[in-house]
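Participant: Before anything else, here's the structure in question.
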Amino acid sequence: MSLSVLSRKEKEKVIRRLLIQAPPGEFVNAFDDLCLLIRDEKLMHHQGECAGHQHCQKYCVPLCIDGNPVLLSHHNVMGDFRFFDYQSKLSFRFDLLQNQLRDIQSHGIIRNETEYLRSVVLCALKLYVNDHYPNGNCNVLRKTVKTKEFLIACIEDHSYDNGDCWNGLWKSKWIFQVNPFLTQVTGRIFVQAHFFRCVNLHVEISKDLKESLEVVNQAQLALSFARLVEEQENKFQASVLEELQELSNEALRKILRRDLPVTRTLIDWQRILSDLNLVMYPKLGYVIYSRSVLCNWII
């Protein structure tokens, strides 16, 4: 169905769905392509703002405020398309299309033991991220749910290279409650890769985890938490590499490429053309050329 026959609400739904499906690092590209099709600047700007806000939360888009990395997620959303950063104590809107902070406001936070623990955990997590990620970012947030205090640690690293036709993202999230003796850590590791040279290949891998940590003091908890994250992410990486090695070239060929019949006989193209009364040598050359390219691609 042509977009011209859709109602405005239907257009909004289609645009938002397509933008939300954009892989990490490709939101602006998807937006620009849709602008060429829709040709409605006001509609695209509004839907781009809404979908961009969701995209930032979904993929932990990193920013830098006052020299400190900030990861955007649904845990630091304040409403009205605003985010809050505990490190700088600022709330703001973020325009993903222009890559700009807007409407920045200052906010105070309560200085208590949980805030001190958040700072200690962040320091321990930064040491781990700096040792294991080429361009990694991390952040630790606080959240209160029914008088219970939680810390949420987020890690993100990515490599976006449209010139080489591939993009990749690694992110993880870890949540634990501030308890006096024992706490349970809930984690989720997520990897997404998009390869778009010759084929359009999307790979998504995720794993949910639950572990327990003893709580002696704040310094011990921060170090134990960082070691737990390192251990679990190393195990996850090793298992992913093992799975990828099992997908040999032959296996990938069977999954991603269709089989062509192999007759092991010469094809008399001239006879075929004569039978069809098609004496068109340029067309014949095109067929042979296309077949050779296809065979080379399969091999």
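Participant: Leaving out ligands, DNA and RNA, and with a 1.4 Å probe, what % of the accessible surface on region 8-106 is carbon or sulfur? Display every interim value, and only then the final one.
Facilitator: On the way: 2550 of 5280 Å².
Using a 1.4 Å probe with all protein chains present, region 8-106 comes out at 48 percent carbon and sulfur.
Participant: Accessible area per residue of region 119-255 at 1.4 Å probe, in Å²?
Facilitator: 57 Å²
Participant: Using Cα pairs closer than 8 Å and at least 6 residues apart in sequence, work out the relative contact order for region 47-185, in percent.
Facilitator: Averaging sequence separation for qualifying contacts and normalising by length gives 16 percent for region 47-185.
Participant: Let me ask something additional. Compute the distance in nm between two label points, each set 7 Å from the Cα along the Cα-to-Cβ direction, one at Glu242 and one at Arg8.
Facilitator: Label-label distance for Glu242 and Arg8, simple model: 5.7 nm.
Participant: How high is the relative contact order of region 8-106, given as a whole-number percent (alpha carbon pairs under 8 Å, six or more residues apart)?
Facilitator: Values: 114 pairs, mean separation 18.7, N = 99.
With pairs under 8 Å counted, the relative contact order is 19 percent.
Participant: Report the net charge of residues surrounding Gln98, where surrounding means a beta-carbon distance below 15 angstrom and charges are Lys +1, Arg +1, Asp -1, Glu -1. Please list the in-between numbers first.
Facilitator: Working: positive: Arg93, Arg102; negative: Asp32, Glu41, Glu49, Asp95, Asp103.
Net charge around Gln98: -3.
Participant: Please calculate how many Å² of accessible area region 8-106 carries per residue, with a 1.4 Å probe and no DNA, RNA or ligand atoms counted.
Facilitator: Accessible area per residue: 53 Å².
The values are calculated or read from the model by the stated rules, or taken from the named source; none is laboratory data. Every value quoted in this text rests on a predicted model; they were computed, and no experiment measured them. Cβ sites come from the backbone with ideal geometry, for glycine too, and all protein chains shown count toward neighbours. When the accessible area is computed, the model is the full protein with side chains, heavy atoms only, and any ligands, DNA or RNA have been set aside. Shrake-Rupley method; radii C 1.70, N 1.55, O 1.52, S 1.80 Å.
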